[in-house]
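As structure tokens, the structure follows; a few thoughts come after it.
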Amino acid sequence: MTGARLSSAGFPTNLLWIMKSAEDIESYLLRMGVAHETIKPGIWLVKIDGSPLVVSIAGPVVAFRLKVMDLPRTGREELYRTLLALNTTDMVHGAFGLEGETVVVVAALELENLDLNEFQAVIDDMSMAVSKHHPNLARYTAPSTAGAASAT
């Protein structure tokens, strides 16, 4: 309890050192007014813009994971380059990444000092990144119609 300020009675007055819990995460979700369900203790499925965002407590960390799309069979190098560029220009709290054959947005925050503003900022950042960039990223999975158009 290094650095804690104590009252004259010996009780801590700086309560930031108290570890957050699953109840705090549940409270944040309720206060934000987002649709969500508890999958099991410490894991929530949050529905944002039609996409399921998984929020989970993993030891001292709160992890966020949002599926963006399945990896295309071809054109992956250009997609990877695009994702890396987006990580450096548009992602504040998280990053685009790969999980098996899936493109995801991930983020992690320390549970110990987590507050509502930080929690909401991550969810907003991920939601905005997916809604803003999904049309551009979807072109990597859409079948090419350029050949069909030029044949007519």
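Which of the residues spanning the stretch 22-45 are over 13 Å from Ile57 (Cβ atoms) and touching a Pro at 6+ places or on another chain (Cβ under 9 Å)? The answer is Leu45, and nothing else.
Please pick out the residue among Thr74, Thr102, Thr88 that is modelled with pLDDT under 95, touching an Asp or Glu at 6+ places or on another chain (Cβ under 7 Å) and not aliphatic (A, V, I, L, M). Can you show your working first?
Numbers: Thr74 fails: touching an Asp or Glu at 6+ places or on another chain (Cβ under 7 Å); Thr88 fails: touching an Asp or Glu at 6+ places or on another chain (Cβ under 7 Å).
None of the other options fit; the residue is Thr102.
Taking interchain pairs and intrachain pairs at least six residues apart, which have beta carbon atoms under 7 angstrom, with the first residue in the stretch 30-43 and over 22 Å from Asn117 (Cβ atoms) and the second at pLDDT below 95 and surrounded by 15 or more Cβ atoms within 10 Å (Cβ to Cβ)? Within 7 Å, the pairs are Pro41/Ala22.
Being at pLDDT below 95, part of a loop (DSSP other than H, G, I, E, B) and of a type in the set (A, V, I, L, M) is a condition met by no residue of the stretch 54-63. Hey, among the residues in the stretch 94-127 that are in contact (Cβ under 8 Å) with a residue 40 or more places away in the chain and in a helix (DSSP H, G or I), which one's surrounded by the most Cβ atoms within 10 Å (Cβ to Cβ)? Applying the filter and picking the extreme gives Met126.
For Met91, the criteria (1) in contact with a Phe, Trp or Tyr (Cβ under 8 Å, 6 or more places away or on another chain); (2) of a type in the set (A, V, I, L, M); (3) in a loop (DSSP other than H, G, I, E, B) hold in every case but one, which is (1). Quick check on the stretch 21-29. Is at least one of its residues modelled with pLDDT under 95, surrounded by fewer than 16 Cβ atoms within 10 Å (Cβ to Cβ), hydroxyl-bearing (Ser, Thr, Tyr) and more than 19 Å from the chain's Cα centre (by Cα)? There is no residue in the stretch 21-29 that is modelled with pLDDT under 95, surrounded by fewer than 16 Cβ atoms within 10 Å (Cβ to Cβ), hydroxyl-bearing (Ser, Thr, Tyr) and more than 19 Å from the chain's Cα centre (by Cα). Taking the criterion of being closer than 19 Å to Val130 by Cβ and surrounded by fewer than 16 Cβ atoms within 10 Å (Cβ to Cβ), the residues of the stretch 35-62 that qualify are Ala35, Leu45, Lys47, Asp49, Gly50, Pro52.
The values are calculated or read from the model by the stated rules, or taken from the named source; none is laboratory data. All of these numbers come straight from a predicted model, not from anything done at the bench. Counting neighbours? That spans all protein chains shown, and the Cβs are built from the backbone with ideal geometry, glycine included.
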